[in-house]
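Q: If you scroll down you'll find the structure; I have some questions about it.
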Amino acid sequence: LTVFGRFYVLDSVPYGIEGDEAKWTSEAVNLGILGLPDTSGEYHRDALPVSYYMQTPFHRLLGTSLLSARITVAVLSVLASLVFYWLLRQLSSIPLAVLATYLLAVSIFDISASRLANVESFVKIWAILPLALLAFAIRKQAWQIFALVGLSLALAALTYDTLWPMIEVGFLL
């Protein structure tokens, strides 16, 4: 369901090209692929580099287009859903993890957000991965996994500024 919801008619849904989506894709292509100066893009890349580095490989592989950027987001959304299931499996039973992941798969809000290549759409995995790694680290009590938690929190903070509170969440936990 997650794959279907994220990839079905990806090139036309939900409503054509969104302004922030086109701008973000243009900035990523100019800086990451073409090597062209882009004042706004350079500011965003320097402040939020992970989002750019997540998008660039897809443009190299699939070509520079809005569809490539949307495919990036859809793939990352599917991966985030798998990480979400993994997190819930560490915290709860299989039926609850399956139900919650199913609800995420069919959530109209998540489907809509996961079909656009604007900057906010790249970050879902970074909101979930540190928590999943933290739950795993607490269970395993291995310093290497705790180091991965810290690394994922740092990458989350460098993805989009709305994830900066994740650092505080990590310290609280």
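Q: May I ask you to list the residues in region 99-152 that are hydrophobic (A, V, I, L, M, F, W, C), under 27 Å from S68 (Cβ atoms) and not in a helix (DSSP H, G or I)?
A: Listed by number, the residues that qualify are L116, A117.
Q: Search region 108-127 for residues that are more than 21 Å from V149 (Cα to Cα) and pair each with any residue that is outside any helix (DSSP H, G or I) and open to solvent by less than 20 Å² (accessible area, probe 1.4 Å) when their beta-carbon atoms are under 9 Å apart and the residues are at least 6 apart or on different chains.
A: Qualifying pairs under 9 Å: R115/L10; V119/L48; V119/T159; S121/S114; S121/R115.
Q: If you don't mind, there's one more thing I want to ask. Return yes or no: is A97 at pLDDT 85 or above, within 28 Å of L1 (Cα to Cα) and open to solvent by less than 20 Å² (accessible area, probe 1.4 Å)?
A: Criteria met by A97.
Q: Another question, if that's okay. Return the pair list, or none, for Cβ contacts closer than 7 Å from residues in region 31-51 that are free of Cβ contacts under 8 Å to residues at least 12 places away in the same chain to residues that are part of a helix (DSSP H, G or I), at least 6 apart or on different chains.
A: If the second residue must be part of a helix (DSSP H, G or I), the pairs left are L36/N30; E42/L31.
Rundown of residues vs (1) at pLDDT 85 or above; (2) touching a Lys or Arg at 6+ places or on another chain (Cβ under 8 Å); (3) closer than 19 Å to L116 by Cβ; (4) open to solvent by 60 Å² or more (accessible area, probe 1.4 Å), yes/no style:
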site	(1), (2), (3), (4)
F7	yes, no, yes, yes
D11	no, yes, yes, yes
G19	no, no, yes, no
K23	no, no, yes, yes
S40	no, yes, yes, no
S51	no, no, yes, no
T64	yes, no, yes, yes
A69	yes, no, yes, no
L88	yes, no, no, no
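The values are calculated or read from the model by the stated rules, or taken from the named source; none is laboratory data. It should be emphasised that the depicted structure is a prediction, and the values quoted were computed from it without experimental measurement. Using ideal geometry, Cβ is built from the backbone for each residue, glycine included, and neighbour counts are taken over all protein chains shown. Side chains are part of the model used for accessible areas, which takes the heavy atoms of the whole protein and leaves out ligands, DNA and RNA. Shrake-Rupley method; radii C 1.70, N 1.55, O 1.52, S 1.80 Å.
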